[in-house]
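Taking it in order: structure first as structure tokens, then the write-up.
Nothing in this text is a laboratory measurement; each read-out follows from the coordinates by a stated rule. Everything numeric in this text was worked out from a predicted model, so none of it was measured. So basically every Cβ, Gly included, is an ideal-geometry build from the backbone, and we count neighbours across all protein chains shown.
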Amino acid sequence: MQVSARSTGDNHATGNQPRNSTDDSWDAEAQDNNIVPLTRDQAEKLFGPEVSRPSRVTPYRVVAAQMVLSLGATLLWWLFYKPPGDAALSAFLGGAIAWVPAALFAARLKAKSGAETIMSWMIGEGVKMGATIAMFVAVALWYKSALWLPLLVTYIVALKAYWVAMALR
């Protein structure tokens, strides 16, 4: 009778393979089937009592925060940049480039509620990215006196609303 590494349980003899592995490659799906979800009590014990509280942050609140941040930045550009006209309009457009596509994505999420799949999220993100690119191109083509510093700074400030929303979650 031959003694193999598998029958003795010696993991090192077969190239560090687990005891019950087959000669096939490692199968992630088989591992995924062994996942046991936590109960509410276990999750609360592990992560605290706030874990089962629904999030206060909704996509519409993120869009509203982006609008508020972009309007605030627009006001600051209007107050502190001379002459204020083109800087404020550029800043407003930069903020709009952030929140208009986000509003489209939020509306898509609301319309697809209950039918969320990876593909619908990917399509929504594609629409969001396409709208963002289209808005940047439209500003570059049709608003010749755009000031890019206020536009881009306000765009980045409005994008930071996602980080604020994650912190408030």
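Counting only lysines at least 8 places from LYS112 when in the same chain, those with an alpha carbon closer than 24 Å to its own are LYS128.
The lysines within cross-link reach of LYS82, meaning a Cα-to-Cα straight distance under 30 Å and a gap of 8 or more places when in the same chain, are LYS144, LYS160.
The spread of Cα positions in the stretch 59-168, taken along each principal axis and listed from longest to shortest, comes to 50, 34, 17 Å. Computed over neighbours whose Cβ is under 11 Å from that of PHE105, the net charge equals +3, Lys and Arg +1, Asp and Glu -1.
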